[in-house]
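Down below is the structure, laid out as structure tokens.
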Amino acid sequence: MDAAEVLLERKGCAGVITLNRPKVLNALSFDMIRRIYLQLKKWEQDPETLLIIIKGAGEKAFCAGGDIKALLEALKTDQNAVRDFFREEYILNNAIDSCRKPYVALIHGITMGGGVGVSVYGQFRVATEKSVLAMPETAIGLVPDVGGGYFLPRLQGKLGYFLGLTGFRLKGRDVYTAGIATHFVDSEKLVMLEEDLLALKSPSKENIADVLESYHTKSRIDQDKSYILEHMDKINRCFSADTVEQIIEYLQQDGSPFALEQLKVINKMSPTSLKITLRQLMEGSSKTLQEVLLMEYRLVQACLVNHDFPEGIRALLVDKDRSPKWKPADLKEVTDEDLNYYFTFPGSNDLKF
């Protein structure tokens, strides 16, 4: 691996992680995940490292997720390597969650899937007006993993269910409104913010929060209307059902432009992924993060050996015809027995935290 794919630097009292693949929107490779994990553990033990900052190189993305194309290539030749990728990724997610040092994620630009996983468990998450955050996995025959079953159902109302099933893209201030970001900062102030954090003589949870709060207070967060707040009643009403079929029925009954748009989106998703995701979020709502990651490791391994995941990647990322041929193609054909297969798939045993 080119060592420059991720930069791991000590600056003052801070450890700074820069995801450095701007040409591929800072997508995570296996080696990046491994190196971030090892460095995080070192910094956590180092009494002179008092703050950890993670950011993405370039203006477009914080991190667009795992390098899915590379995973598809690996899937053809070495399934173990793909399993290793997800295992190491989930171990890193858990390490961030349990990290004893203040962890600040600057989620500027595109932040999806694995990018959410290396940010959402940090103590501080800073969005800008250019943030675009989503969990789009149902569109590629996967599930919203990296602990999606943990953090999505814990968002306000049924917002997490809406985001997990539709892959909806939260933009700008709505990343903060949704509760995913802890602070909002105008993008032109991001460099200054980082400089102010690095200038702290002895960073603590309290003085880091003070710096972030001062930028948040001066930001133009109220300039745009919140899409989420505008539609929250509809989201809560339509996504409160216990089955995907019932959610679809509620959206049809609602009939508003918002509901019809979500209907159109859901109808393009993998029926199997939709049903797994709803159950994943319902079960995850009462599990710990580690329990959820174990569940998702099992689900993902089952997805790897089934039809929809490779087909979804082909249609969206390889051939780009955007016409995946899902199997089964209809929600009615995805039975409880099928779902049980995913949730009882053997193979979560080698995920040790």
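The values are calculated or read from the model by the stated rules, or taken from the named source; none is laboratory data. Note that the structure is a prediction, hence the values are computed from the model and not measured. No Cβ is skipped: glycine too gets one built from the backbone with ideal geometry, and neighbour counts run over all protein chains shown. SASA here: full protein model, heavy atoms, side chains in, ligands and nucleic acids out. Shrake-Rupley method; radii C 1.70, N 1.55, O 1.52, S 1.80 Å.
In segment 102-126, which residues are outside any helix (DSSP H, G or I) and either farther than 16 Å from Val211 by Cβ or without any contact (Cβ under 8 Å) to a residue 12 or more places away in the chain (or both)?
Listed by number, the residues that qualify are Ile107, His108, Gly109, Ile110, Thr111, Met112, Gly113, Val118, Ser119, Val120, Tyr121.
Just one of (1) in contact with a strand residue (DSSP E or B) (Cβ under 9 Å, 6 or more places away or on another chain); (2) within 29 Å of Phe168 (Cα to Cα) trips up Leu50, so point out which.
All conditions pass for Leu50, except number (2).
Restricting to segment 212-232, count the residues that are crowded, with 17+ Cβ neighbours inside 10 Å and part of a helix (DSSP H, G or I).
8
Taking interchain pairs and intrachain pairs at least six residues apart, which have beta carbon atoms under 9 angstrom, with the first residue in segment 39-61 and without any contact (Cβ under 8 Å) to a residue 12 or more places away in the chain and charged (D, E, K, R) and the second open to solvent by less than 10 Å² (accessible area, probe 1.4 Å) and part of a loop (DSSP other than H, G, I, E, B)?
Cβ pairs passing all conditions: Lys42/Thr49.
Name every residue in segment 324-353 that is open to solvent by 100 Å² or more (accessible area, probe 1.4 Å) and within 23 Å of the chain's Cα centre (by Cα), in order of residue number.
Within segment 324-353, just Lys352 meets the criteria.
From the set of residues in segment 233-265 that are in contact (Cβ under 8 Å) with a residue 24 or more places away in the chain and either among the polar types (S, T, N, Q) or not in a helix (DSSP H, G or I) (or both), which is most open to solvent (accessible area, probe 1.4 Å)?
The extreme case among them is Asp242.
Being within 30 Å of Glu291 (Cβ to Cβ) and among the β-branched types (Val, Ile, Thr) is the filter; apply it to segment 317-353 and report the residue that is modelled with the lowest pLDDT.
The selected residue is Thr344.
Could you count how many residues in segment 188-211 are in a helix (DSSP H, G or I) and open to solvent by less than 50 Å² (accessible area, probe 1.4 Å)? Full working, then the answer.
In the first step, residues of segment 188-211 are kept if they are in a helix (DSSP H, G or I); the result is 188-198, 205-211.
From what is left, the residues that are open to solvent by less than 50 Å² (accessible area, probe 1.4 Å) are 190, 193-194, 197-198, 207-209, 211.
Total meeting the criteria: 9.
Looking only at segment 135-184, which residues are among the acidic types (Asp, Glu) and within 23 Å of Asp308 (Cβ to Cβ)? Talk me through it step by step, then tell me what you get.
Taking segment 135-184 first, the residues among the acidic types (Asp, Glu) are 137, 145, 174.
Result: Glu137, Asp145.
Inside segment 1-40, can you point out the residues that are basic (Lys, Arg), touching a helix residue (DSSP H, G or I) at 6+ places or on another chain (Cβ under 7 Å) and within 19 Å of Val104 (Cα to Cα)? Spell out the reasoning first.
Of the residues in segment 1-40, the ones basic (Lys, Arg) are 10-11, 21, 23, 34-35.
Going one step further and asking which of them are touching a helix residue (DSSP H, G or I) at 6+ places or on another chain (Cβ under 7 Å), we end up with 11, 21, 34.
Correct list: Lys11 only.
Filter segment 148-173 down to residues that are open to solvent by less than 10 Å² (accessible area, probe 1.4 Å) and under 28 Å from Leu197 (Cα atoms), then give me how many there are.
2
Name every residue in segment 276-290 that is within 13 Å of Gly148 (Cβ to Cβ), part of a helix (DSSP H, G or I) and either of a type outside the set (Lys, Arg) or open to solvent by less than 60 Å² (accessible area, probe 1.4 Å) (or both), in order of residue number.
Of the residues in segment 276-290, the ones within 13 Å of Gly148 (Cβ to Cβ) are 276-285, 287, 289.
Imposing the further condition that a residue be part of a helix (DSSP H, G or I) reduces the set to 276-284, 289.
Across segment 276-290, the qualifying residues are Ile276, Thr277, Leu278, Gln280, Leu281, Met282, Glu283, Gly284, Leu289.
Testing Ala74 on (1) part of a helix (DSSP H, G or I); (2) in contact (Cβ under 8 Å) with a residue 12 or more places away in the chain; (3) hydrophobic (A, V, I, L, M, F, W, C), one condition comes back false. Which one is that?
(2)
Go through Asn26, Asn93 for me and flag whichever is assigned to a helix (DSSP H, G or I) and crowded, with 20+ Cβ neighbours inside 10 Å. Write out each step before concluding.
Working: Asn26 fails: assigned to a helix (DSSP H, G or I).
Result of the check over Asn26, Asn93: Asn93.
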